[in-house]
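This report refers to the structure that appears directly beneath it.
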Amino acid sequence: MNWLKYALKRLVLLVPVILSVTFILFVILSLAPGDVARMVLGQDATPEQIAELNHQMGLDRPLIIRYVNYMVDALKLDFGKSWTGNFDVLSEFSHRLPYTLLVSALALVFATGLGIPLGIASAIKQYSLLDYGSTFVVMLLFSMPAFWLGTMCQIFFCLTLRWLPVSGIASWKSFILPPIILGANTLASMIRMSRTSMLDVIKMDYIRTARAKGASNRDVIIHHSIRNSLIPVVTQIGISFAGTIGGAVVTENIFAIPGIGTMLINAVKSRDVPVVMGTVIFITIIVGIINLIVDLICAIVDPRIDLAS
């Protein structure tokens, strides 16, 4: 039952993380220049109308009181309504989350499915043409920002060749290019991490011992090298998945996907505090749970990891 105690402990530790992140964000949004009420009502609003709206939104109260009231409501799963769109934050987030998770999951599948085998093969064939080629791909992908790569791919594959739709979610083809763009940087990380980890493992003493005992190169790689090299790779997968959820903000805006990234960007522009706060809380929880799952998977892959300690 060590894993259960460890999971409960990690979930409890997630509470101060959420409080710290949300408080800092709440302060930043509250101290940002500009009048939210005037942005909502327009430049023609009278001072009386602005004062009334500030009172309705609670902006005339002290900052710490507003934060405490918001977190108390959040504990009741009441994340409020959007100041600019007047929609329920929880309902809108629940509607948009599947699109973000789908794009992020497809990006991770693309990156790991291609990156891990390529990285392992590069380590096995070190200093070969394959190794130099994969290193070049890693450097190339790391050097290209997602917004630039997405725009170039839109021009080439969507506008020039007309193979894929430019934007939206009209069909399954709409979920081909966005995951590739989102997973490009993760692909480079997977190649580099799996290659480095595999090179470290195949130089270990027990690998040389297995070869000295007559084990074939295939058996050494499959039964001894790959599993032991997967520990840091699995950790990197969890970190990358959390990163793709954050990186979806850029990709969703490029391809007009109605996910939480698009909602968050629009909310930040309009200083829509309930939407920004609710979205950040949800993302923090998701990332924390993902990291917990990764730690548990690492303990399964490597029995030497003692969760109790």
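One residue is enough: does region 119-142 have a residue meeting the conditions under 23 Å from GLY259 (Cβ atoms), in the same structural domain as ARG218 (by TED's automatic domain parsing) and free of Cβ contacts under 8 Å to residues at least 60 places away in the same chain? So far as region 119-142 goes, yes, one or more of its residues are under 23 Å from GLY259 (Cβ atoms), in the same structural domain as ARG218 (by TED's automatic domain parsing) and free of Cβ contacts under 8 Å to residues at least 60 places away in the same chain.
Among the residues of region 28-57, those that are surrounded by 14 or more Cβ atoms within 10 Å (Cβ to Cβ) and under 36 Å from the mean Cα position of the chain (by Cα) comprise LEU29, SER30, ASP35, VAL36, ALA37, ARG38, MET39, VAL40, LEU41, LEU53, ASN54, MET57.
For the structure I just gave you, tell me whether ILE180 is at pLDDT 85 or above, of a type in the set (A, V, I, L, M) and closer than 29 Å to PRO145 by Cα.
Numbers: at pLDDT 85 or above: yes; of a type in the set (A, V, I, L, M): yes; closer than 29 Å to PRO145 by Cα: yes.
Yes.
Scan region 167-177 and give yes if some residue there is over 30 Å from LEU264 (Cβ atoms), under 22 Å from the mean Cα position of the chain (by Cα) and aliphatic (A, V, I, L, M), otherwise no. Spell out how you get there, then give the answer.
Kept after step one, since they are over 30 Å from LEU264 (Cβ atoms), are these residues of region 167-177: none.
Checking region 167-177: not a single residue is over 30 Å from LEU264 (Cβ atoms), under 22 Å from the mean Cα position of the chain (by Cα) and aliphatic (A, V, I, L, M).
I'd like to know if region 195-202 contains one or more residues that are under 30 Å from PHE175 (Cα atoms) and assigned by TED's automatic domain parsing to the domain that holds LEU118. Checked region 195-202: at least one residue is under 30 Å from PHE175 (Cα atoms) and assigned by TED's automatic domain parsing to the domain that holds LEU118. The residue that is farthest from SER189 (Cα to Cα), among those in region 116-163 that are hydroxyl-bearing (Ser, Thr, Tyr) and within 22 Å of the chain's Cα centre (by Cα), is THR151. Taking region 234-257 as the range and being small (Gly, Ala, Ser), within 11 Å of the chain's Cα centre (by Cα) and over 15 Å from SER194 (Cα atoms) as the test, the residues that pass are ALA242, GLY243, GLY246, GLY247, ALA248. Being among the hydrophobic types (A, V, I, L, M, F, W, C) and in the same structural domain as VAL250 (by TED's automatic domain parsing) is true for just one of LEU101, LEU59. Which residue is that? That would be LEU101, the only listed residue that is among the hydrophobic types (A, V, I, L, M, F, W, C) and in the same structural domain as VAL250 (by TED's automatic domain parsing).
The single residue among VAL249, VAL268 that is without any contact (Cβ under 8 Å) to a residue 40 or more places away in the chain, under 24 Å from SER171 (Cα atoms) and not in a loop (DSSP other than H, G, I, E, B) turns out to be VAL249.
Taken over region 201-233, residues that are in a loop (DSSP other than H, G, I, E, B) and either crowded, with 18+ Cβ neighbours inside 10 Å or under 37 Å from the mean Cα position of the chain (by Cα) (or both) amount to 2.
State yes or no: is ILE257 buried (at least 18 other Cβ atoms within 10 Å of the Cβ) and within 25 Å of TRP83 (Cα to Cα)? Judged against the criteria, ILE257 is a match.
For region 30-50, give me each residue that is among the small types (Gly, Ala, Ser), touching a Leu at 6+ places or on another chain (Cβ under 8 Å) and within 15 Å of LYS269 (Cβ to Cβ). None - no residue of region 30-50 is among the small types (Gly, Ala, Ser), touching a Leu at 6+ places or on another chain (Cβ under 8 Å) and within 15 Å of LYS269 (Cβ to Cβ), so the list stays empty. A single entry from ILE239, ILE191 fulfils the requirement of being part of a helix (DSSP H, G or I) and touching a helix residue (DSSP H, G or I) at 6+ places or on another chain (Cβ under 7 Å): ILE191.
The values are calculated or read from the model by the stated rules, or taken from the named source; none is laboratory data. Please read these numbers as outputs of a predicted model, since none were measured by experiment. So basically every Cβ, Gly included, is an ideal-geometry build from the backbone, and we count neighbours across all protein chains shown.
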